[in-house]
Amino acid sequence: MGNKRIIEWFRFGDNDLIVAEHSARTLSPQPLEIICYHCQQAIEKYLKGYLLFHGSLEPPKTHNLMALCESCSEIDPEFDNIVLKCNILNAYGVQPRYPDEIYIDESRMEIALAYAKELKLFPPLMAVRKKVNEPEEDVD
């Protein structure tokens, strides 16, 4: 039961990343703000899924990747290695949804997309994905 919930968080994150990649590849003009927003959202959901796997009863009610990454670092110090990338993506969680709040050009969008794709494959996150997707053993 718990694994299904965690899988859903990762699936929603994957969907955000799919939307970002598709938008970057096929839309003209590219909706830079929306692409960056979906990159941030993907990582937010991956980090929340990780925290749920490690005992959080509910995902933290925050969009702040820095706070989420810090919580993950308390479980696994490897997350200290992605703090800077989370910090860059963090700016795209709220500001891009409103006019005149943040300047995003194509190079920043490409960086956001590259970081989101890289963080999706971050080993501690991939380890959780693998564990929750393994078939559960029957207990007699």
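The values are calculated or read from the model by the stated rules, or taken from the named source; none is laboratory data. What you see is a predicted model, and the numbers here were worked out from it, not measured in a lab. Positions of Cβ are backbone-derived with ideal geometry, glycine not excepted, and every protein chain shown enters the neighbour counts.
Here is a yes/no grid of residues against (1) farther than 15 Å from PRO124 by Cα; (2) over 13 Å from the mean Cα position of the chain (by Cα); (3) surrounded by fewer than 19 Cβ atoms within 10 Å (Cβ to Cβ):
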site: TRP9; (1), (2), (3): yes, no, no
site: GLU21; (1), (2), (3): yes, yes, yes
site: THR26; (1), (2), (3): yes, yes, yes
site: LEU32; (1), (2), (3): yes, yes, no
site: TYR37; (1), (2), (3): yes, no, no
site: GLN41; (1), (2), (3): yes, no, no
site: HIS63; (1), (2), (3): yes, no, yes
site: ILE75; (1), (2), (3): no, yes, yes
site: VAL94; (1), (2), (3): yes, yes, yes
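Residue by residue through segment 26-60, note down the ones that are touching a residue at least 24 places away in the same chain (Cβ under 8 Å) and hydroxyl-bearing (Ser, Thr, Tyr). Hits for segment 26-60 are TYR37, TYR46, TYR50.
The single condition from (1) under 20 Å from VAL132 (Cβ atoms); (2) surrounded by 22 or more Cβ atoms within 10 Å (Cβ to Cβ) that SER71 fails is (2).
Evaluation of ASN87 against the conditions (1) surrounded by 14 or more Cβ atoms within 10 Å (Cβ to Cβ); (2) modelled with pLDDT of 95 or more shows that the sole unmet condition is (1). Of all residue pairs spaced 6 or more apart or on separate chains, those with beta-carbon atoms under 9 Å, a first member in segment 122-133 that is in a helix (DSSP H, G or I) and a second member that is polar (S, T, N, Q) are LYS131/ASN3; VAL132/ASN3; ASN133/ASN3. If only residues of segment 95-126 that are of a type in the set (Phe, Trp, Tyr) and modelled with pLDDT under 95 are counted, the one that is farthest from ILE6 (Cα to Cα) is TYR103.
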